[in-house]
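One structure is given below, encoded as structure tokens.
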Amino acid sequence: MNPATLLLTLGGISLVAGATFALNVRGAADAMERYAAANAELAMHSRGELGPPKRVMSKQVYRYMGTVVALGGLVLTLGGLLELAA
């Protein structure tokens, strides 16, 4: 497999996935926050604790992580384009 193809594929996928969370497309970061809260609540109930769950990560943290992944995908994509041009 050509390294340019690999870099372009992985870079494009991570760029789109990261941008989805960074820009909160269709509430992706909101959904992850709700999903984490539900999992924390289920874990507490399985241990026998009936209090409110602790908030692990907010949607801002998911958006920052999405930004980092999108920037990494952009670097991979640009590297793949440079490899393709060389």
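The values are calculated or read from the model by the stated rules, or taken from the named source; none is laboratory data. Just so we're clear, the structure is a prediction, and the values are computed from it rather than from any experiment. In this analysis, Cβ positions are derived from the backbone assuming ideal geometry, glycine residues included, and neighbour counts consider all displayed protein chains. These area figures cover heavy atoms from the full protein model, side chains too; ligands, DNA and RNA do not enter into them. Shrake-Rupley method; radii C 1.70, N 1.55, O 1.52, S 1.80 Å.
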Report task. Return the total of residues in region 17-38 being farther than 25 Å from Gly80 by Cβ and either open to solvent by 70 Å² or more (accessible area, probe 1.4 Å) or in contact with a Pro (Cβ under 7 Å, 6 or more places away or on another chain) (or both). Result -> 4
Query raised in the report: Glu41 fails exactly one of the following numbered conditions: (1) surrounded by 13 or more Cβ atoms within 10 Å (Cβ to Cβ); (2) under 23 Å from Val68 (Cβ atoms). What is the number of that condition?
Result: (2)
Report summary line: In region 1-16, anything farther than 9 Å from Leu76 by Cβ and surrounded by 16 or more Cβ atoms within 10 Å (Cβ to Cβ) is listed as Ala4
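Would you mind finding the one in Val69, Val61, Val56, Val25 that is of a type in the set (A, V, I, L, M, F, W, C) and in contact with a Phe, Trp or Tyr (Cβ under 8 Å, 6 or more places away or on another chain)?
On the way: Val61 fails: in contact with a Phe, Trp or Tyr (Cβ under 8 Å, 6 or more places away or on another chain); Val56 fails: in contact with a Phe, Trp or Tyr (Cβ under 8 Å, 6 or more places away or on another chain); Val25 fails: in contact with a Phe, Trp or Tyr (Cβ under 8 Å, 6 or more places away or on another chain).
The match here is Val69.
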Report task. Would you be able to say whether some residue in region 20-31 is in contact with a helix residue (DSSP H, G or I) (Cβ under 9 Å, 6 or more places away or on another chain) and not in a helix (DSSP H, G or I)? Result -> yes
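Among Val61, Val68, which is under 11 Å from the mean Cα position of the chain (by Cα), under 30 Å from Met1 (Cα atoms) and open to solvent by 50 Å² or more (accessible area, probe 1.4 Å)?
On inspection, the qualifying residue turns out to be Val68.
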Requested in this report: Please find, within region 44-59, the residue that is nearest to Asp30 (Cα to Cα) out of those that are basic (Lys, Arg) and in a loop (DSSP other than H, G, I, E, B).
Outcome: Arg55
